[in-house]
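First up is the structure itself, then whatever we jot down about it.
The values are calculated or read from the model by the stated rules, or taken from the named source; none is laboratory data. Because the structure is a prediction, the values reported are computed rather than measured. Cβ atoms come from the backbone with ideal geometry, glycine included; neighbour counts cover every protein chain shown.
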Amino acid sequence: MTRSELIAKSRRVVVKVGSAVLTDPDQGLDRARVERLAGQVARLATAGRQVVLVSSGAIASGRAKAGIPPGRELSLPEKQAAAALGQAGLVQAWEEAFAAHGRQAAQILLTAADLRSRRRFTNARATMLTLLEWGIIPVVNENDTVSVAEIKLGDNDNLAAMLTNLLGAELLIILTNVDGILDDDPRRNPRARLIPEVERVEAELLRAASAQPGAVGSGGILSKVRAADTVARCGAHTIVANGLVDGVLDRLAAGEELGTLFRPRPSPLSSRKHWIAFTAPGGGEVVVDEGAVRALVEGGKSLLAAGVREVRGDFSAGSAVKVLGPGGVILGVGLCNYSSQELEAVKGLHSDQIRQRLGRPNHHEVIHRDNLVVFDLQEEESLACLLSN
Ligand code: GLU
């Protein structure tokens, strides 16, 4: 598919704009940029697309409002306070800018917990789809003020990738302050060149990306590549482009080859399995033995308690946990029928022993096959990076 075909065929698009595009370190929110981008997003929508905007910039504009000098590192409570101070003006700026183009904007603030719970995930989807049906542009940001470090989504690149799956969008556009993904660190290698297209994110690209300088926001280049890889695995495209370039969205909409285009995987995960693998995991891990590795990877079987060796972390029944092989290799992610406490009590046991140990019958499977995503073991390095949040 060419770029023009991709744009023409994308009915639903997520546009993520980074803090470095929307704010200036001294002045804070750059309203002129917000206005220019709102005009372009409105044109995408007027051309018949449903557009969801993910806007960073709350912390960066809040700190400028509070008079905190650029460069001074903020503590977590300071970041959260700056987000609260900046978010109101940020969404107001979008609202006013869209109004000039006859569009309404609605604010949606999400936390990781909102997306980790299946019920809240599908509820957020229903809300956003309703807004889109009404012709309104949802403006989404992480609810930084109530997201503490351990439960943070990480960065808005990651949030935008999760929303691309949630909405079943065909395209994610990430606007940042560099031209796209380079093949090397430009500070070390002056001949580093823009990669126009990525068929599949490999470990080598992740290494090159992690060496590249980051932007003002929390993500940097690595988080963009990770987000694009996540999106590719739900069957959608990602374009990473420079949001400081005049008319960038208009030009992309016209099919111009700006930035780096990431192609989708040929056999993507279903939306639900993608959610299990990349949105739902909360930190719990289950280490299994060799026999279970074979049953899961080669036999396509469910995970039973008999194959569980070790339980890590604290989780409730129904949580998404990573399944690791004896050597620590990530085999997959699945929804666990047992809490970490229960699983600790029954690991290594057979079904009849489980009944005795718990004093009541329980699920036959620790993780049912239908709730398990098994990864391609060849991809260990890229998966470890993708799932490291
Ligand atoms: N949610 C943060 C903010 O609005 C930005 C996170 C990011 O830069 O990825 O300031």
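So, in the stretch 357-378, of the ones that are free of Cβ contacts under 8 Å to residues at least 24 places away in the same chain and assigned to a helix (DSSP H, G or I), which residue ends up surrounded by the fewest Cβ atoms within 10 Å (Cβ to Cβ)? First the steps, then the outcome.
Keep residues of the stretch 357-378 that are free of Cβ contacts under 8 Å to residues at least 24 places away in the same chain, which gives 357-361, 370, 376, 378.
Next, from what is left, pick out any that are assigned to a helix (DSSP H, G or I): 357-358, 370, 378.
Values: 357: 14, 358: 14, 370: 12, 378: 8.
Here the residue is 378.
Just to be sure before I move on: is residue 116 basic (Lys, Arg), more than 11 Å from the ligand (Cβ to nearest atom) and either on the phi > 0 side of the Ramachandran plot or under 17 Å from the mean Cα position of the chain (by Cα) (or both) in the structure I sent?
Working: basic (Lys, Arg): yes; more than 11 Å from the ligand (Cβ to nearest atom): yes; either on the phi > 0 side of the Ramachandran plot or under 17 Å from the mean Cα position of the chain (by Cα) (or both): yes.
Yes; evaluated as a whole, the condition is true for this residue.
So residue 131 fits all but one of (1) away from the ligand (no atom under 11 Å from the Cβ); (2) touching a helix residue (DSSP H, G or I) at 6+ places or on another chain (Cβ under 8 Å); (3) at pLDDT 95 or above; what number is the exception?
It fails just one condition, (2).
Give me the residue from the stretch 148-162 that is within 15 Å of the ligand (Cβ to nearest atom), more than 12 Å from residue 271 (Cβ to Cβ) and part of a helix (DSSP H, G or I) and, out of that set, modelled with the lowest pLDDT.
151
Collect the residues in the stretch 218-258 that are part of a loop (DSSP other than H, G, I, E, B), away from the ligand (no atom under 15 Å from the Cβ) and crowded, with 19+ Cβ neighbours inside 10 Å, keeping them in residue-number order.
Scanning the stretch 218-258 gives 233, 234, 235, 236, 258.
Would you confirm whether any residue within the stretch 69-77 is closer than 19 Å to residue 55 by Cβ and not polar (S, T, N, Q)?
no
Among (1) closer than 24 Å to residue 122 by Cβ; (2) in contact with a helix residue (DSSP H, G or I) (Cβ under 6 Å, 6 or more places away or on another chain), there is one condition residue 174 misses while meeting the rest; what is its number?
Of everything listed in (1) closer than 24 Å to residue 122 by Cβ; (2) in contact with a helix residue (DSSP H, G or I) (Cβ under 6 Å, 6 or more places away or on another chain), residue 174 misses just condition (1).
In the stretch 96-113, which residue that is within 16 Å of the ligand (Cβ to nearest atom) and not in a loop (DSSP other than H, G, I, E, B) is surrounded by the fewest Cβ atoms within 10 Å (Cβ to Cβ)?
Our first condition is that a residue be within 16 Å of the ligand (Cβ to nearest atom); within the stretch 96-113, this holds for 105, 107-113.
Pick out the ones that are also not in a loop (DSSP other than H, G, I, E, B) and you get 105, 107-110, 112-113.
Numbers: 105: 23, 107: 16, 108: 19, 109: 18, 110: 21, 112: 22, 113: 14.
Ranking the qualifying residues of the stretch 96-113, first place goes to 113.
Considering only the stretch 250-282, state which residues are among the polar types (S, T, N, Q) and out of contact with any strand residue (DSSP E or B) (no Cβ under 9 Å at 6 or more places or on another chain). Before the answer, list the steps.
If we filter the stretch 250-282 for residues that are among the polar types (S, T, N, Q), which is where we start, we get 260, 267, 270-271, 279.
Passing the criteria: 267, 270, 271.
Among 333, 321, 286, 308, which is the only one that is of a type in the set (Val, Ile, Thr), crowded, with 17+ Cβ neighbours inside 10 Å and more than 30 Å from residue 222 (Cα to Cα)? Talk me through it step by step, then tell me what you get.
Numbers: 333 fails: more than 30 Å from residue 222 (Cα to Cα); 321 fails: more than 30 Å from residue 222 (Cα to Cα); 286 fails: more than 30 Å from residue 222 (Cα to Cα).
Just a single option satisfies the conditions, and that option is 308.
Identify all residues within the stretch 35-70 that are among the β-branched types (Val, Ile, Thr) and within 13 Å of the ligand (Cβ to nearest atom); write none if there are none. Spell out how you get there, then give the answer.
Taking the stretch 35-70 and keeping what is among the β-branched types (Val, Ile, Thr), we get 41, 46, 51-52, 54, 59, 68.
Matches in the stretch 35-70: 54, 59.
Cβ-Cβ below 7 Å, separation at least six or inter-chain, first residue in the stretch 343-356 and under 21 Å from residue 315 (Cα atoms), second modelled with pLDDT under 85 and assigned to a helix (DSSP H, G or I): which pairs?
Sorted first by the residue in the stretch 343-356, then by its partner, the pairs are 345/357; 345/358; 346/357; 346/358; 349/357.
Suppose we filter the stretch 262-275 for residues that are surrounded by fewer than 22 Cβ atoms within 10 Å (Cβ to Cβ) and touching a residue at least 24 places away in the same chain (Cβ under 8 Å); how many remain?
Here the count works out to 7.
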